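The values are calculated or read from the model by the stated rules, or taken from the named source; none is laboratory data. Predicted model only: the values in this text are computed from it and were never measured. No Cβ is skipped: glycine too gets one built from the backbone with ideal geometry, and neighbour counts run over all protein chains shown. What goes into the accessible areas is simple: the full protein's heavy atoms, side chains included, and nothing from ligands, DNA or RNA. Shrake-Rupley method; radii C 1.70, N 1.55, O 1.52, S 1.80 Å.
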Amino acid sequence: MTIIIGLTMLLPTMVDFYLDSPDKYVFPISAGIVMLIGVILVLATFTTERQKMSGKFAFLLTVLSWMTLPAFSTIPFLVSSADLSFTDAYFETVSAITTTGSTILTDLDNTDSGLLLWRSLLQWFGGIGIIVMAIAILPLLQIGGLNLFRMEFSNTMDKTLPRAAQLVMWISICYVALSMICAILYSLLGNMSGFDAINHAMTTMATGGFSTHDASIGYFNDPIVEMIAIIFMIFGSLPFVIYLKVILLRRYDALLNEQQVRWFFMLLAIFITLMALNLWAGEQYSLLEALRLTTFNVTSIMTGTGYATDNYSIWSTGAQPLFFVIMFIGGCAGSTTCGLKMFRIIVLFQSIRLQIKQMMQPHGIFLPTYNGRPLPKDIGETVMSFFFLYIMTFAFFAILLSFTGLDFVTAISASATAIANVGPGLGDVVGPAGNFSSLTDSAKWIMIIGMLLGRLEFFTLLVLLSKNFWK
């Protein structure tokens with residue numbers, strides 16, 4: 001993995017040399033350092049024996065990868081003219097790889113093109129890494145009910161793709177293809193340059209939200225660009241296994257038959273409608289303007305992408321609570337998004353509904369269902385425990401951030417955006433018009449831990465602290 005990071009640095013190298021950037025030697029030097037370390041590690045651990053990876057080792061490898069690869073990725077930021085501290089550089093790379101999208105970089109419009117491409121590449125690789133982790137690693141620990149989707153994969157895809165490696169390969173092909181289509185559409189139909197189109201295509205499909213401009217997507221002020229972004233943010237938020245069902249199994253109804261997909265579109269439509277009416281009622285915008293602004297920004301925040309076309313922190317007071325709630329939702333399981341994810345919201349809703357039914361009919365027998373099939377009892381329990389841990393962690397991190405001197409709105413929204421891997425928060429400091437560079441180093445490290453916890457679905461990291469796991 002370290003060698004791959006080093007090889008990837010050759011892409012920004014070519015861009016810098018083509019543009020004759022003052023920092024054109026930054027990435028060759030960084031690539032040499034990282035690949036040398038990778039080669040030394042390979043040689044030091046080389047063996048001819050075939051060794052099988054255990055479940056415990058898989059979890060350890062996953063956690064260490066998400067913690068150490070951002071550290072190697074900081075080198076270009078440290079040696080370039082950006083002159084970042086290690087804390088700032090690590091914050092930026094963790095935000096990229098976890099597809100959070102919070103940034104400490106200012107004046108992006110004049111930032112070295114190689115560094116901008118490097119940020120986008122890290123987010124793009126982080127996006128596919130999230131999907132692979134959700135399919136291959138997290139179900140092993142039954143984290144937050146994701147073992148349900150391990151069963152779904154087994155029932156529907158095993159005959160066509162009997163090995164997990166094949167499943168990952170086909171998903172990667174879909175991911176690359178969608179990214180390329182997005183870049184082409186941005187370039188041909190929108191008013192983006194080729195460089196902007198490639199960068200934004202990668203961060204759109206990864207639902208990461210890094211941009212090459214301080215004004216984000218709003219820089220282009222182009223309804224066509226916004227429409228393309230909306231479509232591909234949604235593509236990134238849907239289960240990638242569904243695309244394989246359509247392509248390989250010719251199940252063209254798979255999208256509509258998936259309950260979490262229906263819920264995703266339903267909630268998205270509800271929030272867009274409520275936000276547009278709220279904005280229109282404030283008499284600041286016409287109904288069409290309100291719909292355009294809310295459709296893009298609500299989709300961006302709900303999918304965890306974090307693009308912005310307007311400073312929604314100064315919208316009506318009713319918009320702020322709505323955006324705060326939307327931050328936590330996320331997309332579907334098996335996508336590049338984070339947050340609670342749609343299937344957990346469905347399970348929580350089912351639990352509440354059945355509890356009310358049980359109170360009304362104490363002797364009745366009620367079973368929660370998903371996609372028309374009864375849910376195993378342990379799924380509901382694991383989802384409830386995940387939700388409890390999610391909310392408690394958010395509250396704990398909000399308190400910690402308030403201790404660093406942040407005001408109430410900034411502290412709770414910064415905690416929410418880190419845990420949910422969204423990107424921008426609320427308020428003047430960390431809102432869509434703000435930047436995370438003004439936070440103290442202690443606040444940045446709190447957010448770094450929050451971003452990693454949110455991306456690793458909490459239990460993946462916490463289980464390593466349990467001595468029983470290693471017995």
Exposed GluC sites (Glu not before Pro) being those in a DSSP loop with at most 11 other Cβ atoms within 10 Å, the longest stretch of the chain free of them is 50-282
Return the long-range amide H neighbours of residue 74 (sequence gap of 5 or more, or a different chain), with a cut-off of under 5 Å between placed amide H atoms. none
Report the per residue volume, in Å³, of the convex hull enclosing the C-alpha atoms of the stretch 185-329. 116
What are the ³J(HN,Hα) couplings of the stretch 61-70, residue after residue, when phi is run through the Karplus curve with 6.51, -1.76, 1.60 and θ = phi - 60°? Round to Hz, x for glycine and proline. 4, 4, 5, 5, 4, 6, 9, 8, 4, x
In terms of the alpha carbon gyration tensor, root eigenvalues a ≥ b ≥ c, rounded if a/c is under 1.5 and otherwise prolate when a/b exceeds b/c or oblate, the stretch 364-471 is prolate
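For the chain, which whole-number percentage of the solvent-accessible area (1.4 Å probe, protein heavy atoms only) is attributable to carbon and sulfur atoms?
69
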Under 13 Å Cα-Cα from residue 24, which aspartates and glutamates qualify once same-chain neighbours fewer than 8 residues away are excluded? 16, 112
Just going by the charge dipole of the stretch 317-471, with Lys and Arg at +1 and Asp and Glu at -1 on Cβ, which of 387, 443, 409 is farthest out on the positive end? 387
Go through 328, 254, 303 and say which Cα lies farthest out towards the positive end of the charge dipole of the stretch 216-342; charges sit on Cβ, +1 for Lys and Arg, -1 for Asp and Glu. 254
What share of all Cα pairs of the stretch 44-111, in percent, falls into each consecutive 10 Å distance bin? 18, 38, 23, 15, 6, 0
Give the residue list of chymotrypsin sites (Phe, Trp or Tyr not before Pro) in the stretch 7-65 that are DSSP loop and have at most 16 other beta-carbon atoms within 10 angstrom. 25, 46
Under a Cβ-only charge scheme (Lys and Arg +1, Asp and Glu -1), can you give me the dipole magnitude of the stretch 23-137 about the Cα centre, in debye to the nearest 20? 680
FRET efficiency (residue 7, residue 224; Cβ distance; R0 30 Å; to 0.05) is 0.30
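Would you mind checking 245/377; 377/471; 56/471 for any pair whose Cα atoms are more than 22 angstrom apart? Can you show the working numbers first?
Details: 245/377 27 Å; 377/471 27 Å; 56/471 10 Å.
The pairs that break the limit, which is 22 Å between Cα atoms, are 245/377; 377/471.
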Dimensionless Rg over Rh [the stretch 1-94; C-alpha; Kirkwood]: 1.06
Going by average Cβ neighbours within 10 Å, how do the peptides 235-242, 344-351 rank, with the highest at the top? 235-242, 344-351
Test item: Cα-centred dipole of the chain, Lys/Arg +1 and Asp/Glu -1 on Cβ, debye: 2380
Rounded to the nearest whole Å², what accessible area per residue is found for the chain with the 1.4 Å probe? 44
Computed lengthening from residue 46 to residue 281, 0.36 nm per intervening residue step minus Cα-Cα distance: 78.0 nm
Got a number for the accessible area of residue 440? Probe 1.4 Å, square angstrom, nearest 10. 60
Give me the tail of P(r) for the stretch 181-226 as a percent: Cα-Cα pairs with distance above 12 Å. 54
Kindly give Rg over Rh for the chain, based on alpha-carbon atoms, with the Kirkwood expression for the hydrodynamic radius. 0.96
Let me know the shape class of the stretch 295-359, please: from the alpha-carbon gyration tensor, a ≥ b ≥ c as square roots of the eigenvalues, rounded when a/c is under 1.5, otherwise prolate if a/b is greater than b/c, or oblate. oblate
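Could you tell me which of rounded, prolate or oblate describes the stretch 304-438, using a ≥ b ≥ c as the square roots of the eigenvalues of the alpha-carbon gyration tensor, with rounded for a/c under 1.5 and, failing that, prolate when a/b is larger than b/c and oblate otherwise? Let's see the in-between values first.
Numbers: a/c = 2.45, a/b = 2.19, b/c = 1.12.
Cα axes put the stretch 304-438 in the prolate bin.
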Could you list which residues have their amide H under 5 Å from that of residue 338, counting only those 5 or more apart in sequence or on another chain, with H placed in the peptide plane? 331
So who's got an amide H within less than 5 Å of the one on residue 369, skipping anything under 5 residues away but keeping other chains? H placed 1.01 Å off N, in plane. 375
Only sites in a loop by DSSP and with at most 15 other Cβ atoms within 10 Å count here; which trypsin sites (Lys or Arg not before Pro) in the stretch 1-61 make the cut? 50, 52
